[in-house]
Amino acid sequence: MVSNRCKTIVKNELEKLNIQYVKVDIGEVTIEEKLTSELYTRLAGALQKYGFEMIGDEKNDLIEELKTAIVDLENYSDEDLKTSYSDYIKLQVKDNFISINTLFEEIKGITIEKYIINHKIELAKALLQNNDLSLDEIAVKMHYSNTVQLSSQFKDITGLTPSHYRQLLYNSKSNSEVN
């Protein structure tokens, strides 16, 4: 925004979307509440029609909030998951799951579901290094319904079964101890 006319256009678009703002200055808008990703996208589209571009960290903040929610769920919860991932994420991030997923895929190039699966497999790989846990115990800890589901996703991501991965780790460890 470089003129009063620009400020007027921005104010009109904010009002059309019922976005409460504190002030609109040249190059800066102060709003009362954090925008949902859907409203952010709608505003960006409306402003883009006039050649304006929104600059802000809101998208990245939302993505980081989402990633933290996923990590917290997987790292700090040994309980059975009593809700779906999408419901959990919606509660934690306080936004529409479809909007969040679209934004996540736009920024990260991967869906939330794939991100969760990759994250779970990385954690499973770490747990497989510990011979104290059986595959059944790892599957439960990682919120899989059974070992078959864990094994299937693990093989899709790594190309190996969890048992084969563990065996390779064991062989590698044994060879390094001998040398």
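The rows are residues; the columns are (1) in the same structural domain as Ile98 (by TED's automatic domain parsing); (2) closer than 17 Å to Leu103 by Cβ; (3) within 27 Å of the chain's Cα centre (by Cα).
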| residue | (1), (2), (3) |
| --- | --- |
| Leu14 | no, no, no |
| Ile19 | no, no, yes |
| Lys23 | no, no, no |
| Lys34 | no, yes, yes |
| Ser37 | no, yes, yes |
| Thr41 | no, yes, yes |
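In summary, helices (runs of 4 or more DSSP H) completely within region 80-172 and bearing 1 or more residues that are at pLDDT below 90 and under 30 Å from Leu35 (Cα atoms) occur at 85-93, 97-108, 112-128. Here Lys23, Lys67, Lys49, Lys34 are screened, and the one residue that is closer than 18 Å to Ile116 by Cβ, at pLDDT 75 or above and either surrounded by fewer than 14 Cβ atoms within 10 Å (Cβ to Cβ) or out of contact with any helix residue (DSSP H, G or I) (no Cβ under 6 Å at 6 or more places or on another chain) (or both) is Lys67. If the condition is being loosely packed, with under 15 Cβ neighbours inside 10 Å and β-branched (Val, Ile, Thr), then region 127-157 contributes only Val148. Of all residues in region 2-16, those that are exposed (fewer than 11 other Cβ atoms within 10 Å of the Cβ) and β-branched (Val, Ile, Thr) total 1.
Could you tell me whether region 98-110 includes any residue that is in contact with a helix residue (DSSP H, G or I) (Cβ under 7 Å, 6 or more places away or on another chain), closer than 30 Å to Arg42 by Cβ, of a type in the set (Phe, Trp, Tyr) and crowded, with 18+ Cβ neighbours inside 10 Å? Looking through region 98-110, at least one residue is in contact with a helix residue (DSSP H, G or I) (Cβ under 7 Å, 6 or more places away or on another chain), closer than 30 Å to Arg42 by Cβ, of a type in the set (Phe, Trp, Tyr) and crowded, with 18+ Cβ neighbours inside 10 Å.
Go through region 119-174 and give me each residue that's under 28 Å from Thr68 (Cβ atoms) and of a type in the set (Lys, Arg). Lys120, Lys125, Lys141, listed by residue number.
The values are calculated or read from the model by the stated rules, or taken from the named source; none is laboratory data. What you see is a predicted model, and the numbers here were worked out from it, not measured in a lab. Note that we place each Cβ from the backbone using ideal geometry, even for glycine, and neighbour counts take in every protein chain shown.
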